[in-house]
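Here is the structure we will look at, set down as structure tokens.
Taken together, the values in this text are just the output of simple stated rules run on the coordinates, not laboratory data. Since we're looking at a predicted model, the values are computed, not measured. Neighbour counts are summed over all protein chains in view; Cβ atoms, including those assigned to glycine, are modelled from backbone coordinates with ideal geometry.
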Amino acid sequence: MKNVFESELDITKLHESFKETLEKSFTQLKDVLEVIDETEKDRVKTILQEIDSVHTAINKIDQFIKINYMPPTNWSKIDLREPLLKSIENNRDLAKLKNITFKTDICQNECRAYGNTKILQEFVFDHLINNAIKFSPNDCVVEIKLKTEKRIHHFSIEDHGIGIEGQYLKKIRETNLRYYHPDTEGHIGSGLSIPIIKRIMKKLNGSMAIQSQTNSENRGTTISLKFHQF
């Protein structure tokens, strides 16, 4: 499966695209079920994966809309450790399925910042940790850090997965284009996680950086976020 980029995010076009994909998936599933036998198991599995991907994408669009139109009154002073630790716990079962270990280095003192605990947990840390697991091979380590230096909170997550090729990495850094790539199980997501996180960090006057390698020795991706101390 090739990497795919789309034009700048447009909610109307996204809705039409996902609707078309959903209808196609259900039509294929119906056709298969009408003649299902032992030889069709692989096709059914593939179609169910496609439907699951569409459902995930629709949820991401809902998140995307909420982030774009969320009023400033929903932001307040929070401790970044709270949403981060919840996200780590929420993803432990998924990590166990691939025998992936979390190596954490999280500051002991409060990490006060401007934000929203629920949004940062569900739309930022959950996405980043989940993706790190999905794109990493079995039996590896995902490193998660949160430190404070000179009134800036530095968060980073590093995986040792498939990495992002340089030509696509440049576009991800410089634009809001969606990026698709199959994970280690062959599943393809919505490509919306990074655009959503970039928008959240922009609202918080923070920043996001991505480093990635695809060569065999140093393969993997590191995503770093900077939050201003409150």
Which residue, 117, 157, 204, has the largest displacement toward the positive end of the dipole of region 73-228 when charges sit on each Cβ (Lys, Arg +1; Asp, Glu -1)? 204
Here the FRET efficiency for residue 98 versus residue 228, based on Cβ atoms and R0 = 25 Å and rounded to 0.05, is 0.10
Those trypsin sites (Lys or Arg not before Pro) from region 82-168 that are DSSP loop and have at most 11 other Cβ neighbours within 10 Å turn out to be 150, 151
Using r as the Cβ-Cβ distance of residue 216 and residue 167, and R0 as 22 Å, what FRET efficiency do you calculate, to the nearest 0.05? 0.70
Gain upon complete extension [residue 89, residue 77; 0.36 nm per residue less C-alpha separation]: 2.1 nm
